[in-house]
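Engineer: One structure, as structure tokens, below. Some questions next.
A short reminder: the numbers here are calculations on the coordinates, not readings from a lab. Model, not experiment: these values are computed from the prediction. All Cβ positions, glycine included, derive from the backbone under ideal geometry; neighbour counts span all protein chains shown.
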Amino acid sequence: MMIENINEDVTSEATKLAKHLLSKDLQRAIQISKTVGSVSSPSMDGMPKGSHFGNSSEDMMIMVSECKQLIRDVSQALNQLDNDEFVALQERYLRDKSAVSIAQKLCVSRRTVYNILNKGLSEFIYCYNSGELLVKAQHELTDTEQVTAWSTQSTFPIPNI
């Protein structure tokens, strides 16, 4: 899907999504992939012992696979950034370091760190899965606008109960 117009609202929403992806989703994916050793499919040696709600081993394999794919996608996008942007985003969102700490590591001013972070996030939203965050931001804004427009219309009478 093409994004019709990439305006400031879409970019701002995509930046929020990128921050959440790097600080929350990626950290969760890393924890899950580290805690799960090897996931093997269940062996059947007679009657199935699983519940009727599904196969938890299969669910775990799917979740681990999705987490590993997320890690690969983020790594691929981060590798397209320049070194300072890569380090700044990694330190800020994965390691929760302050701007002062990042500035010391990069040997730049604190203000420059904020500029690097903003530029890095902007590049990241375009690099991550070929602009997937921009598309998702556009959808979220469109959905919000539609819900807002729908809720302000009073064309449906409220039934008496």
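Engineer: Which aspartates and glutamates, if any, have their Cα less than 16 Å from the Cα of K68, not counting same-chain residues under 8 positions apart?
Structural biologist: Within reach: D25, E58, D59.
Engineer: What does the net charge come to around Q31 if you take all other residues with beta carbon closer than 15 Å to its beta carbon, with K and R at +1 and D and E at -1? Each step should come with its number before you reach the end.
Structural biologist: On the way: positive: K24, R28, K34, K68, R95; negative: D25, E66, D96.
Residues near Q31 contribute +2 overall.
Engineer: Grab the other residues whose beta carbon is less than 12 angstrom from that of L21, score K and R as +1, D and E as -1, and report the net.
Structural biologist: On the way: positive: K16, K19, K24, R28, K136; negative: D25, D73, E132.
Residues close to L21 contribute a combined charge of +2.
Engineer: Rounded, prolate or oblate: which fits the stretch 63-117, taking a ≥ b ≥ c as square roots of the Cα gyration tensor eigenvalues, rounded meaning a/c under 1.5, else prolate when a/b beats b/c? Walk me through the numbers before you get to the answer.
Structural biologist: Working: a/c = 3.79, a/b = 2.20, b/c = 1.72.
Taking the square roots of the gyration eigenvalues as a ≥ b ≥ c, the stretch 63-117 is prolate.
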